[in-house]
Amino acid sequence: MSIDLAQSAPERVRAIPSHLPFIEQLYFLGRPFNATLPLVLSLCGYYLATGAVTPIDSSVYTLFVCMFLIHAGFTILNDIADRAIDRDNSVRTRITTGTLRQVKQLGYGAAGIIAVGIAIAITLPPTTFGAIILTVLLSFCYNHRPLQLSRRPIGSIVTLGILYGLLPLFAGYFLVASHLTPALLFLGLFWLVGRMSLSLLKDFKDSAGDAKHHKQTFLLRYGPSTTLRLSVIGGIVGYVGIALVICSLADSTMAQIASIATLFAVGVLFIYQRLKLLAPHSNIDMLFDRLTVLQLFVDGVSLAWLMVL
């Protein structure tokens, strides 16, 4: 496989009109679609704990609001921290094209959003609140000193796996439960692996700017071939593990057969799309977007089975 890292990033432009009002700028810069991955997982955790189809408790909506606000706020702060890199990657937003004063205003707005999210989270059960606080701490450490985990090849991938996989699942689960179970631990492990495998692909679009600014990402440290192979392996291991755990929760033979059939069919599509990463001259940016949407679909199917098993 041959991928020119120096040329791959500038071809992709994330353009957000700079004339939008301040609140709308915060909304779009927070990239709300990306928040759907942890939100769906928190709902998976909730229904894993309830073990049945039940009306959604108000605490779930509270958790959604907290997670959405905190995710948006730190997404903006991370973009501010990577402002110079994004400029070199042809990303055009108010952060990259605005004045220093405008960028500071966005930073204050993002910090305010995070503060509101934390304040609302105080009303949640203590263990879930703890998961929220840990999310805030890891999100801060991801792109800010002293740790700056985004500049550590392995640390960045593990951190994103925890933030988008492990913590949301646990936060939703502990809304109604108080004890760890083997199913929770195994699902948390496999969703962690799955999210890490997806995170391995995120740096291809930014590789030119990352290289220019000497940002040590996993891709730049270990190369595209290793990165793509690990993404494929991790994605398959994560999905198969999740499917096996969910099927094991079935309390009848018919339910087990139905869950196996459904998850097998989805798995064929999932694995087929993952293997495309290894094709010569594959468009990694396009596949990353497609795999993200597919991952959301997979999580939705998993959620549906957790609700009925």
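The values are calculated or read from the model by the stated rules, or taken from the named source; none is laboratory data. Everything numeric here is computed off the predicted structure, so don't read it as measured data. For neighbour counting, all protein chains shown are included, and Cβ atoms are generated from backbone atoms with ideal geometry for every residue, glycine included.
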**Request:** Mind listing whichever residues of the stretch 275-306 are among the acidic types (D, E) and more than 23 Å from A261 (Cα to Cα)?
**Result:** D285, D289
**Request:** Out of the residues in the stretch 203-216 that are touching a Lys or Arg at 6+ places or on another chain (Cβ under 8 Å) and assigned to a loop (DSSP other than H, G, I, E, B), state the one that is farthest from L249 (Cα to Cα).
**Result:** K215
**Item:** Residues of the stretch 144-174 satisfying the condition of being farther than 24 Å from S302 by Cβ, surrounded by 18 or more Cβ atoms within 10 Å (Cβ to Cβ) and touching a Leu at 6+ places or on another chain (Cβ under 7 Å)
**Value:** S156
**Prompt:** Name the pairs: first residue in the stretch 52-71 and over 21 Å from I133 (Cβ atoms), second residue surrounded by fewer than 18 Cβ atoms within 10 Å (Cβ to Cβ) and at pLDDT below 95, Cβ to Cβ under 8 Å, at least 6 apart or on different chains?
**Reply:** A52/M307; V53/M307; V53/V308
**Request:** Taking only the stretch 275-309 into account, find how many residues are within 15 Å of L39 (Cα to Cα) and among the acidic types (D, E).
**Result:** 1
**Message:** Name the single residue that is farthest from L167 (Cα to Cα) among those in the stretch 6-46 being modelled with pLDDT of 65 or more and among the charged types (D, E, K, R).
**Reply:** E24
**Asked** Filtering the stretch 242-258 down to residues that are out of contact with any Leu (no Cβ under 7 Å at 6 or more places or on another chain) and part of a helix (DSSP H, G or I), which residue is farthest from G300 (Cα to Cα)?
**Response** T253
**Fill in**
Within the stretch 223-238, residues surrounded by fewer than 22 Cβ atoms within 10 Å (Cβ to Cβ) and either under 21 Å from N89 (Cα atoms) or among the acidic types (D, E) (or both) come out as G223, P224
**Request:** Scan the stretch 114-123 and give yes if some residue there is surrounded by 14 or more Cβ atoms within 10 Å (Cβ to Cβ) and within 12 Å of A171 (Cβ to Cβ), otherwise no.
**Result:** yes
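Which of the residues belonging to the stretch 124-151 are without any contact (Cβ under 8 Å) to a residue 24 or more places away in the chain and within 22 Å of F170 (Cβ to Cβ)?
P126, F129, G130, I133, L137, C141, L147, L149 - these are the residues of the stretch 124-151 that are without any contact (Cβ under 8 Å) to a residue 24 or more places away in the chain and within 22 Å of F170 (Cβ to Cβ).
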**Message:** Between R195, R221, R145, which is more than 20 Å from the chain's Cα centre (by Cα), under 22 Å from I284 (Cβ atoms) and of a type in the set (D, E, K, R)?
**Reply:** R221
**Request:** Inspect the stretch 291-302 for any residue being modelled with pLDDT under 90 and either outside any loop (DSSP other than H, G, I, E, B) or of a type in the set (F, W, Y) (or both) and give the result as yes or no.
**Result:** no
**Prompt:** Hey, among F74, F68, which residue is in a helix (DSSP H, G or I) and either out of contact with any Phe, Trp or Tyr (no Cβ under 9 Å at 6 or more places or on another chain) or surrounded by fewer than 18 Cβ atoms within 10 Å (Cβ to Cβ) (or both)?
**Reply:** F68
